[in-house]
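Read-outs throughout are calculated quantities, based only on the coordinates presented, and are distinct from any laboratory measurement. Keep in mind that this is a model prediction, so the values were computed, not measured. We place every Cβ from the backbone using ideal geometry, glycine too, and count neighbours over all the protein chains shown.
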Amino acid sequence: MSLLQSARAIAHTLIQVHQGQITDEVLLSVIEKASAINIVEGQTFDKQELFEILRADFSIGKGEITILSEDIEPWLNDEKAKINFELWNRYKLFMSENDPSFPINDLDDFTDKILDKCVNPKKESSWDRRGMVVGHVQSGKTSNYVGLINKATDAGYKVIIIIAGTISSLRRQTQERIDSGYIGRNSSAFIRENENRVIGVGKYKTNTDIYSLTSSYYKSGDEGDFNQKIATRLNIPIGKNPVVFVIKKNKSILENLIDWFSKDVNAKLIDGTPKLFDVPALIIDDEADSASVNASRDINEIKTINRLIRTLLNIFNQNTFVGYTATPYANLFISQDHNEELTTIVKGKQYKIGEDLFPRDFIINIKAPTNYIGAAKIFGYENSKPELTKEPLDIFREISDYDPPFFRTINRENKDILPEYLPPSLERAIKSFILTCAIRRVRGHENKHNSMLIHVALLVRWIDRVAYLVNDKTKEYQDAIQSEDDTLLKELKEIYETDFLPTTRNVLENLDYTDIRIKEHNWEVVKKELKPAALKIDVRSVHGTRSTTNLEYHNIQEIDYSRYEKEEKSLYVIAVGGSRLSRGITLEGLSISYYIRTTRMYDSLMQMGRWFGYRPGYVDLCRLYTTNQIFEWFNHITMATEEMRNDFDEMTATHQRPKDFRLKVRNHHGLLTITSLNKLYFAEDLEISFSGENPQTYCLLKTKKAIENNFDALQSLITTIGLPTKENRTETSKGKVRYLFYPNSNVDSVCTFIDTFKIDQPSINNATLSEYIRTQARNNRITEWSICIVSNTDEKVFINRYENNPDESRSPKDDVMTYDLDCNQETITLGCSVRNQPKNSRGSEFYLIAKNQIDDLKDRQVDLSIRTNTTSKEIKEQRASEKKGLILIYALDERGTNLNFGIPIIGYSVHFPRIQDEIKVSYKATINREFNNEVMEDDDNPETEN
């Protein structure tokens, strides 16, 4: 037993006697006690590594799983005693040994729940099950479905088909994961050389042999993808030993696979269609929202990939189909209608196509664990308790200097004008990457991979040129560091002291989980690691062109981290690319991302979020260099996505079904502006619901005209409704007004204020919002509306000026900004609330506020009969029972966003009760063209790959 394993065993013993909840603090205390025991004289174990292992052992900060499903009868618990989980057990051992901190217990729980929704493969007769697993970008999806197929095979599934996206390199990457985590041998060596080269789980003996009819082999293309000749030569009988296929979403590959299955000796012709009987098949669709969805107006007009996947499923009389995706909206818009009689011809044979891929039977939502760095952490609004909401992690860096040498839009007129130099922001990003690599070495990560992503164009010539320029600049920095050039070292020190140190402090203050590897370092310590860090950096150009004849930059070698891991080495890489970086390709140890808008927002931004994922020990070193516009649009997409995930969990609790969730998504006001029209062919007139929702102005205009307009809207409201009676003015003991409260207000007053308010926030459409309020009032669905104007009663406030205020110093020193409301010869003075806009977005045309900073818990229940609720959930339940609506109006201090107009910035927050029998408002879908615009030519699109 190693020293670390001994320490782990001692820690487990100490934790067993602990009374109460096991937290990070408890683990740290136990580790100190284990360290004091001095297990082996003169030797010490890595406390940080043990901490991460114990977090996994005791599922600290684990994710959760919620499920919407039809009435599917559970079967797994009853069958477990009869199943020999030998494949799962060896995968579990392999994952734990490979990475002791991997949360294998959570994966065991999650995959049990997913398998229980699949059909029991021992069930006789015909069956067809359709489902979807919704995860997060870069959150361990592959590990999840590799675990699932191990268990499914143990349970009795005989055919496993992984449809691994549209990119050859991604398919090969997935094949390698299947070889290592499921098959246990190198599939390429077995198929090409008949050699049983054991890898991964193969070192643990089992009685089950798994055969792959695809491999990771490639010479000039993707020769390891499915090939009928090779499959026929191998002559592996279908239905006996488990057989696995890892294939691309590609017309010829899918047609060849369908044709090959139709020739199986057990295939029969049923109504003129080949059918394989009693061979339980599990089909996993990786990136299920890409290429699989039939974006067509007519259910009889079927796109190629969708048609072939449906035909493949229909060959098996026993099949379970599970789509995996982080962006499920396109899948939920799939039509549930299909033409039973529709057929297709593949290789001269006729097949029935079958029903579409809507996940009719189950949708499983995997909630990320606390140490997952997703959009919610980057934008800083994830906490449901406003009083606990903190600033977002300070990793966004605005870029506005890229045009020239790059263009905001690359089109026919300028696509041949290639850049001659790099913008200063990209040079700074490269320097930041060098610093990140050096700091990670200081933290003991010298054998961990480090990656940087640069995405500025979709055209191969542009990718090639940018890679050439980046390589030149990187070489210049490497030479300067090697020769200890004083100028560059001063620049790096300046970036370290003005950017990296403050960011580390910000992250340590705002991170909602414990990461004991994150710490501040002395510059001299970092400086010593600059040379070994910088000299390891390699620049790779990532595109589909394999010949270097017409390229300036020839380093197009595939990014293959496993080659380095075999030699216990690490790769430091700067990846310059376009579409091929957007889906599936995992950049290990990604820290610095430089991203300029190049394509459709919804289709690419969520998937281009390669900066999401797990960042143990270095989240404070991560940077996202992008434009304010992208940051703001991403903010909106994230808001809508998080709200939908919350809706999902609420619907799960009330045992609703996938078709109900589909309807909820379709009616979600925040998603209308980001969903492509071709995904909404079946319904252009949508019905909008705000039941139980809270539209808020988190993205306010900063122009003087808009600010004046919105303050005038408040003054006009006061002129209409007057100042409230004394009993409806809540004051402090010092006589300061906290609330101007108007119970049972006229609905027209509320709606007129909303209609007059000037805003350019995608999730708020004034006309739709006010029409919904009027409709519910007419039909008596909301019994009462109240207006409440909220005032700041603090003596002093904290204005974060950043340059003059260190981020960690938050003492209130400024006087409260006040304003007057006048009516009927009476004046009331109110105080402005302070919402400090994050430093990195202050240059924006919008005043961006973290969502749950807009109102607080007390404000949200000011109109309710019970005002002692302690959670947002309790308030929502109370509001639903009283059927009351509330609009909170705030005046915000302009100093929080560096303005000096002398006018309060007005914002509002509307709270709707949950309505059981609401009357929805019909809405003509007006898609935001900016989101749906193809602004760049793309000659390297992997979805068009043959």
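Hey, got a sec? Which GluC sites (Glu not before Pro) in segment 88-187 land in a DSSP loop and have at most 15 other Cβ atoms within 10 Å?
Glu124
With labels modelled as points extended 7 Å from the Cα through the Cβ direction, what inter-label distance (nm, one decimal) is found for Asn300 paired with Ser881?
The modelled label-to-label distance comes out at 5.5 nm.
What is the antiparallel percent of DSSP beta bridges lying wholly in segment 94-367, to the nearest 5?
Antiparallel bridges make up about 20 percent of those DSSP assigns within segment 94-367.
With viscosity set to 1.567 mPa s at 4 °C, what whole-number translational diffusion coefficient in µm²/s follows for segment 698-819 from Stokes-Einstein and a Kirkwood radius over Cα pairs? Numbers along the way, then the final one.
Values: Rh = 17.2 Å.
Answer, rounded: 75 µm²/s.
What is the gain in length, in nm to one decimal, between Gln21 and Ser716 on full extension, counting 0.36 nm per residue of separation less the C-alpha to C-alpha distance?
The Gln21-Ser716 span can extend by a further 244.8 nm.
Any of Lys141/Lys377; Lys122/Lys659; Lys123/Lys240 with alpha carbons more than 21 Å apart? Name them for me.
Lys122/Lys659
Starting from the Cα of Ser35, move 7 Å in the Cα-to-Cβ direction to define the label point; list residues of segment 513-528 whose amide nitrogen is under 14 Å from there.
So the set is 516-518.
Go ahead and run the numbers for FRET between Lys528 and Thr409, Cβ-Cβ distance against an R0 of 45 Å, rounding to 0.05.
0.50
Provide the descending list of Cα extents for segment 3-57 along its principal axes, expressed in whole angstroms.
Cα extents, longest axis first: 34, 19, 15 Å.
Sticking to Cα atoms, compute the Rg of segment 685-924 to one decimal and its Dmax as the biggest Cα-Cα distance, whole number, in Å.
17.9, 55
Give the aspartates and glutamates reachable from Lys726 as a straight Cα distance under 14 Å; neighbours fewer than 8 places away on the same chain don't count.
Candidates past the 8-residue exclusion: Glu826.
If each residue's Cβ is checked for other Cβ atoms within 10 Å, how do Thr320, Thr870, Thr783, Thr586 rank with the fewest at the top? Can you show the working numbers first?
Numbers: Thr320 25, Thr870 9, Thr783 13, Thr586 16.
The most exposed by this proxy come first: Thr870, Thr783, Thr586, Thr320.
Relative to a virtual label point 7 Å from the Cα of Glu484 in the Cα→beta-carbon direction, which members of segment 507-538 show backbone nitrogen distances below 12 Å?
Only 528 pass the distance filter.
Only loop residues by DSSP count here, and only those with at most 16 other Cβ atoms within 10 Å; note down the chymotrypsin sites (Phe, Trp or Tyr not before Pro) in segment 756-801 that meet that.
Numbers: sites: Phe757, Tyr772, Trp785, Phe798; in loops: Phe757, Phe798.
For chymotrypsin sites (Phe, Trp or Tyr not before Pro) across segment 756-801 that sit outside H, G, I, E and B with at most 16 neighbouring Cβ atoms in 10 Å, the list reads Phe798.
Can you tell me what the convex hull of the Cα atoms of segment 392-626 projects to on average, as an area in nm²?
Across all orientations, segment 392-626 yields a mean hull projection of 13.2 nm².
Hey, any idea what the orientation-averaged projected area of the convex hull of segment 136-205's Cα atoms comes to, in nm²?
5.6
Report the residues of segment 518-544 in range of a label on Lys493: point 7 Å along Cα→C-beta, backbone N strictly under 15 Å from it.
Under 15 Å, as judged by backbone N against the label point of Lys493, lie 522-530 of segment 518-544.
Lys473: which lysines have alpha carbons under 29 Å from its alpha carbon, excluding same-chain residues fewer than 8 sequence positions away?
Lys415, Lys431, Lys448, Lys490, Lys493, Lys527, Lys528, Lys531, Lys536, Lys569, Lys839
Considering Cα pairs under 8 angstrom that are at least six residues apart, work out the relative contact order of segment 685-924 and quote it in whole percent.
32
Quick one: Leu511, Leu313, fewest Cβ neighbours within 10 Å first, how do they rank?
Result, fewest neighbours first: Leu511, Leu313.
For the residues Ser292, Ser252, what sequence is obtained by ranking on other C-beta atoms within 10 Å, fewest first? Please list the in-between numbers first.
Working: Ser292 26, Ser252 12.
Ranking Ser292, Ser252 by Cβ neighbours within 10 Å, fewest first, gives Ser252, Ser292.
Between Lys251 and Glu341, how high is the FRET efficiency from 1/(1 + (r/R0)^6) when r is the Cβ-Cβ distance and R₀ = 25 Å? Nearest 0.05. Kindly include the intermediate steps, with their values, before the conclusion.
Details: r = 23 Å, r/R0 = 0.92.
E(calc), rounded to 0.05, equals 0.60.
Treating only the Cα positions of segment 94-367 as identical point scatterers, give the base-10 log of I(q)/I(0) from the Debye formula at each q in 0.16 Å⁻¹.
Ignoring solvent entirely, the Cα scatterers give -1.34.
Could you check the spin-label model distance between Thr232 and His12? Points 7 Å from the Cα along Cα→Cβ, value in nm.
About 5.4 nm, to one decimal.
Taking the Cα centre as origin and putting +1 on Lys and Arg beta-carbons and -1 on Asp and Glu beta-carbons, what dipole magnitude results for segment 94-367, to the nearest 20 debye?
Values: 36 positive and 35 negative charges, 131 e Å.
Its charge dipole is roughly 620 debye.
Longer than 24 Å from Cα to Cα, which of Lys251/Lys349; Lys702/Lys883; Lys151/Lys205; Lys205/Lys275 are they? Say none if no pair is.
Lys702/Lys883; Lys205/Lys275
Let's test the formula: R0 of 60 Å, r as the Cβ-Cβ distance of Lys704 and Asn241. What FRET efficiency results, to the nearest 0.05?
After rounding, the FRET efficiency stands at 0.25.
Just want the answer: with Cβ charges of +1 for Lys and Arg and -1 for Asp and Glu, which residue in Ile905, Leu821, Asn836 is farthest toward the dipole's positive end in segment 685-924?
Asn836
In segment 101-164, what trypsin sites (Lys or Arg not before Pro) fall in a loop by DSSP, with at most 13 other Cβ atoms inside 10 Å? Don't jump to the answer; show the numbers that get you there.
On the way: sites: Lys113, Lys117, Lys122, Lys123, Arg129, Arg130, Lys141, Lys151, Lys158; in loops: Lys122, Lys123, Lys158.
In loop regions of segment 101-164 (DSSP not H, G, I, E or B), the sparsely surrounded trypsin sites (Lys or Arg not before Pro) are Lys122, Lys123.
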